[in-house]
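Visitor: First the structure, then my questions, so here it is.
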Amino acid sequence: MNSSSQARDLSPSGGAVSYGGGLAIGLDVGGTKIAGGLVDLDAGKVFARRTIPTNPQRGGGAVLTDVIALGEELKAAAEAGGGAVHGIGVGVAELVDREGRVRSSNLIAWEGLPVQEWLSGIAPAVVESDVRAAALAEARYGAGRDFGLFVYVTVGTGISSCLVQDGRPFKGARGNALVMASSPLSVPCDACGAVTRHVLEEYASGPAIVARYRERSGLPVERAEEVMAAVAAGDRVADEVAGSAGEALGSSVGFLVNVLDPEAVIVGGGLGLAGGLYWECFVRSTRAHVWSEETRDLPIVPAGLGTDAGLIGAAVAAADAARGGNAG
């Protein structure tokens, strides 16, 4: 579906709006939706909010066409309100190297496409991984402002993490320092020798929770929100699925805490912000897997910017790059 086919609401209230000079375009490209907006760089506020479906099965070129059209639309909205756009940033749920090249095509088939170059026709452009973009936003405006060293974890369609030090998301040597839950933990059975290959993302992510609940309950749920609603309604199967998923996530986050020794853990993403039993089991499990007693009570808090963190951080990354800054 082309983005131009949908109704638009390009101001906070649907009416005319005048923007100041400190704006950048932020776009958060996930497997389900593309969220965009104009970001006030002084306050980290989102204006001209817009969301369209991703429909990644159409191919990477079609998704990129929609992203470019949405970016052009948001730039026009800024100019109509008297604002200047300092950059356009895109956070994508893929591996992105230090030069902004997409290096995987697990959800969005952009590997090998000149995404950053094409977006530069709109404004100075930056392509970043969605988790690093969200972590940057939390460091600048959200729950990370009070911490010099924290781990950001996002839980939704996938599960990723990012270390942030002094406001800078750590990218690693190649840009791959975000893969937290995609690799198997291979463990041989002492009794029979069979090797189990547990993958956290196939157990504790949104799609995994849906799949596990459907298999055990026989109910045709489509979204993790439905499973969480079933938990709230007292569904025993939903309790077991959500609780075990939270405990599994906590075991991995506890490992991150042991390795990185952060001041805090900040959690975002649609499922990461769901609260309830999933969150309670996750927090309890994380603390149980932290080895040092001195560290065990560290703050574990929801992302302060909610699900806007990704698009806000993408905008900030673009504006920082245009002004000569860099991260990681």
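Visitor: Report the FRET efficiency, 1/(1 + (r/R0)^6), for E111 and A173, where r is their Cβ-Cβ distance and R0 is 25 Å, rounded to 0.05.
Guide: After rounding to 0.05, the efficiency reads 0.85.
Visitor: Evaluate the Debye formula for the chain with equal point scatterers sitting on the alpha carbons, no solvent, and hand back log10 of I(q)/I(0) at q = 0.08, 0.09, 0.15 Å⁻¹, in q order, two decimals.
Guide: At q = 0.08, 0.09, 0.15 Å⁻¹ the computed log10 ratios are -0.37, -0.47, -1.23.
Visitor: Go from 0 up to the bin containing the longest alpha carbon distance in the range 42-120, width 5 Å each, and give me the % of pairs per bin.
Guide: Result, from short to long distances: 3, 13, 24, 23, 18, 13, 6, 1 percent.
Visitor: With the other protein chains left in place, how much accessible area per residue, in square angstrom, belongs to the chain at a 1.4 angstrom probe?
Guide: Roughly 45 Å² per residue, with all protein chains present.
Visitor: Picking from S292, S161, S251, which is most flexible by a Gaussian network model of the chain using Cα springs under 10 Å?
Guide: Maximum fluctuation in the GNM of the chain, among the listed residues, is at S292.
Visitor: Need the list of lysines near K171 for cross-linking: C-alpha distance under 27 angstrom, and skip anything on the same chain fewer than eight residues off.
Guide: Output for K171: K33, K45.
Visitor: Still on this model: Could you state the number of Å between the C-alpha centres of the range 234-249 and the range 262-278?
Guide: Their Cα centres are 15 Å away from one another.
Visitor: First measure r as the distance between the Cβ atoms of R58 and E293, then evaluate 1/(1 + (r/R0)^6) with R0 = 51 Å and state the FRET efficiency to the nearest 0.05.
Guide: That gives a FRET efficiency of 0.50.
Visitor: Let me ask another. Taking the highest mean first, how do the peptides 237-248, 211-222 order by number of other beta carbon atoms within 10 angstrom per residue?
Guide: 237-248, 211-222
Visitor: Multiply the residue gap between Q165 and A69 by 0.36 nm, knock off their C-alpha separation, and tell me the result in nm, one decimal place.
Guide: Separation in residues times 0.36 nm, less the Cα-Cα distance, equals 31.1 nm.
Visitor: Please compute the modelled spin-label separation between A232 and C192, points set 7 Å along Cα→Cβ, answer in nm with one decimal.
Guide: 4.1
Visitor: State the Cα centre-to-centre distance between the range 172-206 and the range 20-49 in whole Å.
Guide: 34
Visitor: Over the residues of the range 173-325, compute the C-alpha Rg and express it relative to 2.2 N^0.38 Å.
Guide: Against the compact-globule rule of thumb, the ratio is 1.19.
Visitor: Excluding L64 itself, calculate the net charge of residues whose Cβ lies under 14 Å from the Cβ of L64, where each Lys or Arg counts +1 and each Asp or Glu counts -1.
Guide: Around L64, the charge tally is -3.
Visitor: Would you mind computing, in nm to one decimal, how far apart the modelled labels at S183 and E202 are, each placed 7 Å from Cα along Cα→Cβ?
Guide: 1.6
Visitor: Separate question: What do you get when you divide the Cα radius of gyration of the range 209-256 by 2.2 N^0.38 Å, with N the number of residues?
Guide: Cα Rg divided by the expected 2.2 N^0.38 Å: 1.18.
Visitor: With N set to the number of residues, divide the alpha-carbon radius of gyration of the range 110-251 by 2.2 N^0.38 Å and report two decimals.
Guide: Cα Rg divided by the expected 2.2 N^0.38 Å: 1.31.
Visitor: Here's a follow-up. What residues have an amide H closer than 5 Å to that of I300, excluding those fewer than 5 places away on the same chain, when H is modeled at 1.01 Å from N in the peptide plane?
Guide: V265
Visitor: Using a 1.4 Å probe on the protein chains only, how many percent of the accessible area of the chain belongs to carbon and sulfur?
Guide: The value for the chain is 51 percent carbon and sulfur by accessible area.
Visitor: Quick one, what does Rg over Rh come out to for the range 177-223 if you take C-alpha atoms and the Kirkwood Rh?
Guide: So for the range 177-223, dividing Rg by the Kirkwood Rh gives 1.12.
Visitor: Another question, if that's okay. Which ³J(HN,Hα) values in Hz, rounded to whole numbers, follow from the phi angles of the range 62-76 under the Karplus curve 6.51 cos²θ - 1.76 cosθ + 1.60, where θ = phi - 60° and Gly and Pro get x?
Guide: Values per residue, Gly and Pro as x: 5, 5, 5, 4, 5, 5, 5, 4, 5, x, 5, 5, 5, 5, 4 Hz.
Visitor: Would you pull out the residues with amide H under 5 Å of G268's amide H, same chain only if 5 or more places away, H placed 1.01 Å from N?
Guide: V153, T154, V155, A303
Visitor: Just subtract the alpha-carbon distance of E263 and S251 from 0.36 nm times their residue separation and send over the number in nm, one decimal.
Guide: Fully extending the segment from E263 to S251 adds 2.5 nm.
Visitor: Would you work out the relative contact order for the range 197-328, in percent, from Cα pairs under 8 angstrom that are 6 or more residues apart?
Guide: After rounding, I find 22 percent.
Visitor: Order the peptides 164-174, 301-311 from the highest to the lowest mean number of other Cβ atoms within 10 Å of their residues.
Guide: The packing order, highest mean first, is 301-311, 164-174.
Visitor: Suppose the chain between T51 and E222 were pulled fully straight at 0.36 nm per residue; how much longer would it get relative to their current alpha carbon spacing?
Guide: Stretched fully, the T51-E222 segment lengthens by 59.6 nm.
Visitor: Go ahead and estimate [θ] at 222 nm for the chain from helices alone: -39,500 (n - 2.57) per DSSP H run with n ≥ 4, summed, over the residue count, rounded to 500.
Guide: Calculated at 222 nm, the ellipticity per residue is -11000 deg cm²/dmol.
The values are calculated or read from the model by the stated rules, or taken from the named source; none is laboratory data. Small disclaimer: the values here were computed from a predicted structure and weren't measured. When we count neighbours, we look across all protein chains shown, and the Cβ atoms used for this are built from the backbone with ideal geometry, even at glycine. Only protein heavy atoms, including side chains, enter the accessible area calculation; ligands, DNA and RNA are left aside. Shrake-Rupley method; radii C 1.70, N 1.55, O 1.52, S 1.80 Å.
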